[in-house]
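Novice: There's a structure below that I have some questions on.
FYI, it's all coordinate maths here, none of it is from the lab. Please read all numbers here as calculations on a predicted model, not as lab measurements. Here the Cβ is made from the backbone with ideal geometry for all residues, glycine too, and neighbour counts use every protein chain on show.
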Amino acid sequence: MSIFKTIKNKAKKLKQELVVLHLAYGHPKTPWTAKALIVLVISYALSPIDLIPDFIPVLGLLDDIILLPLGIYWAIRLIPKEVRDESRIQAKTYQWNKKKNVVVGFVIALIWIAIAFIIINSIAQNKN
């Protein structure tokens with residue numbers, strides 16, 4: 001198997017695991033600690049801003065290659081096995097709600113704008 005096929009298969013599996021996290025989040029048996037980590041992982045995955053910017057050679061891709069899969073792994077481990085198994089079965093045929101995706105994207109963008117505003121405001125106040 002070529003390296004590109006291997007990478008493509010791993011990326012597909014990561015996407016599938018994000019769907020599993022999304023479904024497990026809505027399950028009543030999922031503990032709050034798992035839900036909190038799921039929110040962080042999915043928000044980071046959907047966020048247009050990375051912890052380490054992609055334009056930095058090698059390091060820029062580390063967050064996508066290491067941090068995101070690690071977050072998914074930890075979140076999956078916090079989910080009870082029965083919920084995980086049920087969510088994996090549902091994830092195989094799950095269809096995303098496109099209207100909800102736009103709303104979630106908008107909320108994430110607003111959060112980043114608020115963070116940027118707070119940072120800029122605090123810098124401006126420190127200069128005075």
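Novice: Tally Lys and Arg at +1 and Asp and Glu at -1 over the other residues with C-beta under 14 Å from the C-beta of residue 74: what net charge comes out? Let's see the in-between values first.
Specialist: Details: positive: 35, 77, 84; negative: 17.
It works out to a net charge of +2.
Novice: Under the rule that an exposed site lies in a DSSP loop and has at most 11 other Cβ atoms within 10 Å, name the longest stretch of the chain with no trypsin sites (Lys or Arg not before Pro) of that kind, not counting the sites themselves. Please list the in-between numbers first.
Specialist: Values: sites that count: 29, 92.
Between the exposed loop sites, the longest stretch runs 30-91.
Novice: Which label belongs to the value computed from this structure, given these candidates for Cα extents along the principal axes in Å: (i) 54, 42, 34; (ii) 57, 41, 28; (iii) 68, 46, 19?
Specialist: Matching the structure shown: (ii).
Novice: Among 3, 90, 46, whose Cα lies farthest out toward the positive end of the dipole of the stretch 3-94, if unit charges sit on the beta carbon of Lys, Arg (+1) and Asp, Glu (-1)?
Specialist: 90
Novice: For residue 121 and residue 2, what does the FRET efficiency come to when R0 = 41 Å and r is the distance between their Cβ atoms, rounded to the nearest 0.05? Don't skip to the answer; put the middle values down first.
Specialist: Numbers: r = 50 Å, r/R0 = 1.21.
For residue 121 and residue 2, the calculated efficiency is 0.25.
Novice: Follow-up. Among 118, 57, 37, flag the residue with its Cα farthest along the positive direction of the charge dipole of the chain, charges on Cβ as +1 for Lys/Arg and -1 for Asp/Glu.
Specialist: In the chain, that residue is 37.
Novice: Something else: Using just the helices of the chain, give the 222 nm mean residue ellipticity in deg cm²/dmol: DSSP H runs with n ≥ 4 each add -39,500 (n - 2.57), and the total is spread over all residues, rounded to 500. All intermediate terms of the calculation are to be shown ahead of the outcome.
Specialist: Working: 6 runs with 94 residues, N = 128.
Value at 222 nm, helices only: -24000 deg cm²/dmol.
Novice: What is the sum of charges around residue 105, taking Lys and Arg as +1, Asp and Glu as -1, for the other residues whose C-beta is under 12 Å from the C-beta of residue 105? If you can, show how the numbers build up before the last one.
Specialist: Numbers: positive: 98, 99, 100; negative: none.
Overall, the nearby charge balance is +3.
Novice: In addition: Between the helical axis of 81-91 and the dominant principal axis of the chain, each derived from Cα atoms, what acute angle in degrees is found, rounded to the nearest 10?
Specialist: 90 degrees
Novice: While we're on this one: Between residue 45 and residue 70, what is the label-to-label distance in nm when each label sits 7 Å out along the Cα-to-Cβ direction?
Specialist: 1.8 nm
Novice: If we count other beta carbons within 10 Å of each Cβ, what is the order of 20, 107, fewest first? Numbers along the way, then the final one.
Specialist: On the way: 20 26, 107 11.
The order, fewest Cβ neighbours first, is 107, 20.
Novice: Among the lysines, select those whose C-alpha is under 16 Å from the C-alpha of residue 35, and discard any that sit fewer than 8 residues away in the same chain.
Specialist: 81
Novice: For the stretch 57-128, with only Lys/Arg (+1) and Asp/Glu (-1) charged at the beta-carbon, what is the dipole magnitude about the Cα centre, in debye rounded to 20? Numbers along the way, then the final one.
Specialist: Working: 9 positive and 5 negative charges, 47 e Å.
Around 220 debye, computed over the stretch 57-128.
Novice: Hey, another quick one. Roughly how many debye, to the nearest 20, is the charge dipole of the chain about its Cα centre, given +1 on each Lys and Arg Cβ, -1 on each Asp and Glu Cβ, and no other charges? Don't skip to the end; give the middle numbers.
Specialist: Values: 17 positive and 8 negative charges, 101 e Å.
The calculation lands at about 480 debye.
Novice: Could I ask something else about it? Cα axis of helix 32-46 to longest principal axis of the chain: angle in degrees, 0 to 90, nearest 10?
Specialist: 70 degrees
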